[in-house]
Amino acid sequence: MMSDYSRDALRTAVLYGLLSILWFMACDILLPLFVDEPARLAFCHQMAGYAWVLLSAVTIFVARDRLRKIIGGEAHFERQQDDYDRLRLAEAVFDSTREGVLVSDAQGRIVHVNRAFVDITGYQAEEVLGFNPSTFKSGRHGPEFYRQMYHSLLSVGQWSGEIWNRRKSGEIYPQWQTIRSVMGDDGQLKHFVAVFSDITAIKRSERELAQLIHFDALTDLPNRLLLTDRISQALTSARASKRGCALLLIDLDHFKNINDSLGHNVGDDVLKAVAERLKGLCGNETTLARPGGDEFALLVKNCSQVVRAAALAQQVSEVLKAPFVIAAHQLFVTASMGISLYPGDAQSAEQLLRNADSALFKAKSEGRDCYALYTEELTAHAQQRVQLAGELRQAIEQGELRVFYQPVHDLITRSVCGVEALVRWQ
């Protein structure tokens, strides 16, 4: 579509062309009436051309302001059209982005929001224009948080971080937000532009991942990783308060038989039922965990006395005595327990776990369905067992083991009824 400036320029050009034609036609008609000699007539035609050029120049000079407006206006219009196209493009990007955008003036009054802002917050544009962004505060951040935010905006011109705000529905939710201050040509603050994303889904995924990393999926109890961390925290607190703590490792006796005979589904249900019973023994200072398999752990803060730890082990045995009814099966479950104490037995989380495991092995060796306290002798025995296992493996590789068979006789029939194999380490 032709602009007003283009139409004015076209009219001027057409008018100039018509006047030029009329001028020269008039000269061709009138000059022969006054001049008969061809030489003088040619001269007069030439002078008429010069006169038209001079008249055109005078006309252009007289109408210079009008011509400047026409020529300059067209360029100005083209610049305006380019600016308008850029604005339309920016507006399209502004409204199509998935991030919420909020623009406020230097006084903090909201002057513009995009479509994503409406979708995320639930507020319509007309409901927030003219208001301060503090309308969306969640109450989870104190005054110091906002002071640091505004200090960053005024000192470095931007701020980025996680912030919790409130939707129109009242729900508070997390955002990742970037705010920039916009300066005018005069160097004065003109606007603030905030771009934010709703990170609720990311936070949910982080919680689910943390749950998978730190908790047992079957019983929803802390796993070995989280238990180790809880032990470290308990030891730190115990050192500060000069108190102790106790760790009980609980292993269900012959649990493999349940899995082998009734299936893993029944075994899983037994583990969940055991976990529920053990939770009844937990107070505010007790952590129940499932390090793995058929093993549970009880971490007790402010417990440095053997008597108290032994009493808790006895309570575990008592709470497991009642039969478990799982899938129409009546099952009896007993447990072996190993106890290790801080500061008497260990000084670190790893050492406390290792010593409780040594005590658990002792309890199993003594017939199961009992508990054992850690002693230094258990560590020596454990080291001997590890050393013996290594030496036996080396003996097998080097062929140092010999097998000898001796007959077994039936005294009644006086016949050989079998053989006995003996392995000797030579």
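Here, each number is a calculation from the coordinates, and none is a lab measurement. Since we're looking at a predicted model, the values are computed, not measured. Reconstructed Cβ throughout: ideal geometry from the backbone, glycine too, with neighbour counts over all protein chains shown.
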Checklist entry - So what is the relative contact order for the chain, in percent, with contacts set as C-alpha pairs under 8 Å and at least six apart? => result 9 percent
Checklist entry - If you average over every viewing direction, what projected area does the convex hull of the Cα atoms of region 275-377 give, in nm²? => result 7.0 nm²
Item to check | Estimated FRET transfer efficiency (Ser160, Asp185; beta-carbon r; R0 30 Å; 0.05) | outcome: 0.70
Checklist entry - Once Lys and Arg get +1 and Asp and Glu get -1 on their Cβ, which of Leu189, Ala421, His264 lies farthest toward the positive end of the dipole of the chain? => result Leu189
Checklist entry - With axes computed from alpha carbons, what is the tilt in degrees of helix 64-96 against the longest principal axis of the chain, rounded to the nearest 10 within 0 to 90? => result 20 degrees
Item to check | Label point at Thr178 placed 7 Å out along Cα→Cβ; residues across region 197-211 whose backbone nitrogen lies under 12 Å | outcome: 197
Checklist entry - At what distance in angstrom do the alpha carbon centres of region 27-58 and region 206-242 lie from each other? => result 109 Å
Checklist entry - Which residue fluctuates the most in the chain, going by a Gaussian network model with Cα springs under 10 Å, if the choices are Gln387, Gln158, Gln175? => result Gln387
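In the neighborhood of Asp119, defined by Cβ-to-Cβ distances under 10 Å, what is the net charge if each Lys or Arg adds +1 and each Asp or Glu adds -1? Mind showing how you got there, number by number?
Numbers: positive: Arg98, Arg115; negative: Asp198.
With Lys, Arg at +1 and Asp, Glu at -1, the neighbours total +1.
Can you tell me the relative contact order of region 215-374? Whole percent, Cα pairs under 8 Å, sequence separation 6 or more. Mind dumping the intermediate values first?
Details: 286 pairs, mean separation 45.1, N = 160.
Value for region 215-374: 28 percent.
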Checklist entry - Measuring from centroid to centroid over Cα atoms, what is the spacing of region 387-426 and region 334-359 in Å? => result 37 Å
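Let me check I've understood the local charge: for Ser160, count other residues with C-beta under 14 angstrom from its C-beta, Lys and Arg +1, Asp and Glu -1. What total comes out? Write out the running numbers ahead of the final one.
Working: positive: Arg180; negative: Glu99, Glu162.
So the environment of Ser160 carries a net charge of -1.
Taking only DSSP H segments of four or more residues, each worth -39500 (n - 2.57), what value at 222 nm results for the chain once the sum is divided by all its residues, to the nearest 500 deg cm²/dmol? Working shown, then result.
Values: 13 runs with 227 residues, N = 426.
The helix contribution divided over the chain gives -18000 deg cm²/dmol.
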Checklist entry - By how many nm would the segment from Ile202 to Asp268 lengthen if fully extended, with 0.36 nm per residue of separation less the alpha-carbon distance? => result 20.6 nm
Checklist entry - Near Lys272, which lysines are there with a Cα under 25 Å away, not counting those fewer than 8 places off in the same chain? => result Lys256, Lys301, Lys321, Lys364
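Which percent, to the nearest 5, of DSSP beta bridges fully inside region 215-374 are antiparallel? Present the calculation step by step, with values, prior to reporting the outcome.
Numbers: 24 of 27 bridges.
Here the antiparallel bridges make up roughly 90 percent for region 215-374.
Quote to one decimal, in nm, the extra length available between Thr375 and Ile60 on full extension: 0.36 nm per residue of separation minus the C-alpha distance between them. Please report the intermediate quantities before stating the final value.
Values: separation 315, 0.36 × 315 = 113.40 nm, distance 11.43 nm.
The Thr375-Ile60 span can extend by a further 102.0 nm.
Using per-residue counts of other Cβ atoms within 10 Å, averaged over each peptide, order 272-284, 408-420, 181-193, 335-347 from highest down.
Working: 272-284: 13.9, 408-420: 9.1, 181-193: 12.3, 335-347: 22.6.
Sorting 272-284, 408-420, 181-193, 335-347 by mean packing, highest first, produces 335-347, 272-284, 181-193, 408-420.
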Checklist outcome for this item: Along the dipole axis of region 196-259 (charges at Cβ: +1 for Lys and Arg, -1 for Asp and Glu; origin at the Cα centre), the most positive-end residue among Ile202, His254, Gly244 is Gly244
Item to check | Rotationally averaged projected area of region 97-202 (alpha carbon convex hull; nm²) | outcome: 6.8 nm²
Checklist outcome for this item: So for R0 = 30 Å, FRET eff. of Arg224-Asn257 from the Cβ-Cβ r, to 0.05, ends up at 0.80
Checklist entry - Starting at 0 and stepping by 20 Å, how many percent of the alpha carbon pairs of the chain end up in each bin? => result 16, 23, 22, 15, 10, 8, 6, 1, 0
Item to check | Efficiency of FRET from Cβ geometry, Val193 and Arg147, R₀ 30 Å, rounded to 0.05 | outcome: 0.90
Checklist entry - Among Leu33, Leu235, Leu248, which one moves the most in a GNM of the chain with springs linking Cα atoms closer than 10 Å? => result Leu33
Checklist entry - What full-extension length gain, to one decimal in nm, is calculated for Ala125 and Gln406 as 0.36 nm per residue of separation minus the Cα-Cα distance? => result 91.5 nm
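With a cut-off of at most 12 other beta carbons within 10 Å, and DSSP calling the residue loop, which chymotrypsin sites (Phe, Trp or Tyr not before Pro) in region 324-426 qualify? Please list them. Don't skip to the answer; put the middle values down first.
Values: sites: Phe324, Phe332, Phe361, Tyr371, Tyr374, Phe404, Tyr405, Trp425; in loops: Phe332, Tyr374.
Here the chymotrypsin sites (Phe, Trp or Tyr not before Pro) that fit, given the DSSP loop and packing criteria, are Phe332.
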